[in-house]
1. Please give the FRET efficiency for Ser101 paired with Gln125, using the beta carbon to beta carbon distance and R0 = 41 Å, rounded to the nearest 0.05.
2. Enumerate the whole-percent occupancy of each 5 Å bin, from 0 to the last occupied one, for all C-alpha pair distances of the range 193-282.
3. Mind giving me the nanometre distance, one decimal, between the label points for Leu32 and Ser269, set 7 Å out from Cα along Cα→Cβ?
4. How much length is gained if the chain between Thr332 and Ser42 is pulled fully straight, taking 0.36 nm per residue apart and subtracting their Cα-Cα distance, in nm to one decimal?
5. Extension gain Ala293-Glu356, at 0.36 nm per residue separation less the Cα-Cα distance, in nm?
6. Cut-off is 10 Å between beta-carbons; in what order do Lys107, Lys225 appear when sorted fewest neighbours first?
7. Efficiency by 1/(1 + (r/R0)^6): what FRET value for Leu90 and Arg186, r their Cβ-Cβ distance, R0 = 35 Å, to the nearest 0.05?
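Read-outs: derived from the displayed coordinates by stated rules, not from any lab. As the structure is a prediction and not an experimental result, all values here were calculated from the model. So basically every Cβ, Gly included, is an ideal-geometry build from the backbone, and we count neighbours across all protein chains shown.
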Amino acid sequence: MLPPSTQPRLPSTGHKPTSEVRQTPIVQYAFLLIAAVLTVYSLKVLDDVLLPLLFSALFTLLLLPISRWLEGRGVPRILAIILCLLLMALLFAGIIMGFASQLTQFKSELPKLQEKLFQVFHQFQDWASQRFGIDPISDEELKQSTMKSLKKDSGSYLNTTFKTTSAVVSNLLQVPIYIFCFLYYRDHLRQFMFRFVSPDKRTTVLNTVDNIQTVVQAYISGLFKVIVVVAILNGIGLLALQVKFAIFFAIFASVLAVIPYIGIMIGASVPAIITLVETGSPLHAAGVVGVFAFVQFLEGNFITPMITGSQVSINPMAAIIALVLGAELWGTPGMILSIPLIAVVKVILDASKITEPWGFLLGDTAEGEDNIKSVAAGEPGFFRRLWLRVKGEES
């Protein structure tokens, strides 16, 4: 046997065996946190770009069935999209005209309301002076303090108003352009999405996309129906209480219902204050609040579930958190977009076995109980049943 120094050596390849680098959980969580912070920062900075795109995507999903229906009857795609945009423009124009006519009548009554508001203010000052010894403020002092604050903040108010108005106009001009592009290039966008997915997973992706479309369409179309029903109920209640501008306040509060939970409170506070100033009766104002509270109870427990069904089943805790995050991120538009976006996130989470528990966390309790019973009985879950209904495989 040859000594070790004389044994033949195998030729060296020059490559050391590779080993997989594993990061500790703390490092992984740190990277996830950094990624989340960068994502939120990007969403905040790019709001002028993202908000028109998101609103356009929502309206595109709403107009897509109409466009397909027109195209199925021989209408060219471009003409069908133009007709859909005209229909949407007419709808919004009708809403604006209805608001404008009511707002004109309300504006003519503002001087009288202002005088009565001063009377209520003086009565409150007299009560505070007699009860707590607080010196009342004269009308002249009140006007001077108001003028000083207006002069001090007028520049910032004008600057903010100009920026907000220009941003709103710019976004409104972008939305129809984006809607046209989304509808016209929808097949191209779907093929683009499929290029990132292997052929064996394309059916799952298609099911998820169709589920997202169904959920968003159900939410937006249901929201319009809820607004109409809530406006009628609010109008009946306010007319029964003989509230001035009952129709205007009924429509105003119902439109604010696009902001869940918070919108109805804002819509109820304005007519309650005006009724208090107009009649001087706290009981009458409390009756106005009671009407809105009762309609809100009906809307949350009966109207919305009957119209939208279980297709947008987000539990209240997740909805409130989404509202707060949307308000912090994008203000009022973020609050409007929060519910449909969280519904889309839930559909995406439910599509994967890995992320399905997070989708269950966002879902309503009733939906979770139904799915558990369905699984125990060997029946398909909610989104599987939804997909079967879309494909016409379930009666």
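1. Details: r = 37 Å, r/R0 = 0.90.
E between Ser101 and Gln125, to the nearest 0.05, is 0.65.
2. Computed distribution, short to long bins: 3, 13, 17, 15, 11, 8, 6, 7, 6, 5, 4, 3, 2, 1, 0.
3. Modelled inter-label distance: 3.8 nm.
4. On the way: separation 290, 0.36 × 290 = 104.40 nm, distance 1.84 nm.
Net length gain for the segment: 102.6 nm.
5. On the way: separation 63, 0.36 × 63 = 22.68 nm, distance 3.55 nm.
So the extension gain works out to 19.1 nm.
6. Details: Lys107 9, Lys225 14.
So the ranking, lowest neighbour count to highest, is Lys107, Lys225.
7. Working: r = 23 Å, r/R0 = 0.66.
So, using R0 = 35 Å, E works out to roughly 0.95.
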